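Asks: Below are the structure tokens for one structure; questions will follow.
The values are calculated or read from the model by the stated rules, or taken from the named source; none is laboratory data. Remember, it's a predicted structure, so these values are computed and weren't measured experimentally. Note: ideal-geometry Cβ built from the backbone for every residue, glycine included; neighbour counts use all protein chains shown. Heavy atoms of the whole protein, side chains included, go into the accessibility calculation; ligands, DNA and RNA do not. Shrake-Rupley method; radii C 1.70, N 1.55, O 1.52, S 1.80 Å.
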Amino acid sequence: MIMRKAKTIWCYLDEKRHCDVVKWALAANVSVKEAKEILVKQYPDLKVKFKIQ
């Protein structure tokens, strides 16, 4: 049986790790797509990136 490492989506603000988008979406009771949109709108003056790790 092959064990795979769980991956998640991280939000980076100006190249600094901010939050786990999947956990944030679950806590806010929204989809991951909606969570990404909310995070981008919440920080209009910062460079927002999402990375799967």
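Asks: Any residue in segment 16-37 that's farther than 15 Å from K51 by Cα: show its pairings with residues that are at pLDDT below 95 at Cβ separation under 7 Å, as long as the two are six or more apart or on different chains.
Replies: none
Asks: Looking only at segment 1-49, which residues are within 9 Å of the chain's Cα centre (by Cα) and among the polar types (S, T, N, Q)?
Replies: T8
Asks: So, restricting to strands (runs of 3 or more DSSP E) that lie completely within the chain, which ones have at least 2 residues that are open to solvent by 100 Å² or more (accessible area, probe 1.4 Å)?
Replies: So the answer is 16-20.
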